[in-house]
Amino acid sequence: MTQPRPAETTSHPYLRAATAGIRHHTRALSRSPQPRPVDRTHLDTLHAHCVQLHQLLDQLAEAARPPYPGAGRHLAEAHTRLWQATNEIHTAFHLLPVAHTDSTKCRPEQLPEGPPFLTICQRHLAAGHIVRRKTTPTDLRPHTTACVR
């Protein structure tokens, strides 16, 4: 039996950089003496990060399924749960106040008032299209982890 190799420090440098960036951002927010209110730009950036992570999980799940079906199922489940979190971030974005008194509803049939309105809605609709092709409504129902004995 072969021993597992330790992770190389040079493996996946972009993922490590993204993780370090999020860790730094979280520390900066927690050290702030006065909590800053969340703004739409902040949620737009977080949404973009989650959508990219969602695409990565999708690719990893597809690659893991044939040789390791159990791992592939868990990655697919993480993929679905991350979509649910991304959807909630999009909803929260539209519930935050805007500088204008115009409607804050997501209207894909109309051109919204520009970034970040336009970018988050387009990104969310594109990601949602992929999710609907790969999951069922039952898969997207809220997940409970209650132990049933």
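The values are calculated or read from the model by the stated rules, or taken from the named source; none is laboratory data. All of these numbers come straight from a predicted model, not from anything done at the bench. Cβ placement follows ideal geometry from the backbone for every residue including glycine, while neighbour counts extend to all protein chains displayed. SASA here: full protein model, heavy atoms, side chains in, ligands and nucleic acids out. Shrake-Rupley method; radii C 1.70, N 1.55, O 1.52, S 1.80 Å.
Residues of the range 45-86 that are of a type in the set (A, V, I, L, M) and farther than 21 Å from residue 136 by Cα: 46, 48. When we screen 52, 84 for residues that are open to solvent by less than 50 Å² (accessible area, probe 1.4 Å), of a type in the set (S, T, N, Q) and not in a loop (DSSP other than H, G, I, E, B), the only hit is 84. Of all the criteria given as (1) polar (S, T, N, Q); (2) under 21 Å from residue 92 (Cβ atoms); (3) modelled with pLDDT of 90 or more, the one not satisfied by residue 41 is (3).
Which residues, taken from the range 34-49, are without any contact (Cβ under 8 Å) to a residue 40 or more places away in the chain and open to solvent by less than 80 Å² (accessible area, probe 1.4 Å)? First the steps, then the outcome.
Step one: of the range 34-49, the residues without any contact (Cβ under 8 Å) to a residue 40 or more places away in the chain are 34-37, 42, 45, 49.
Result: 42, 49.
Taking residue 31 as the residue in question, decide whether it is basic (Lys, Arg), at pLDDT 85 or above and exposed (fewer than 15 other Cβ atoms within 10 Å of the Cβ). Please lay out each step first, then the result.
Details: basic (Lys, Arg): yes; at pLDDT 85 or above: yes; exposed (fewer than 15 other Cβ atoms within 10 Å of the Cβ): yes.
Yes.
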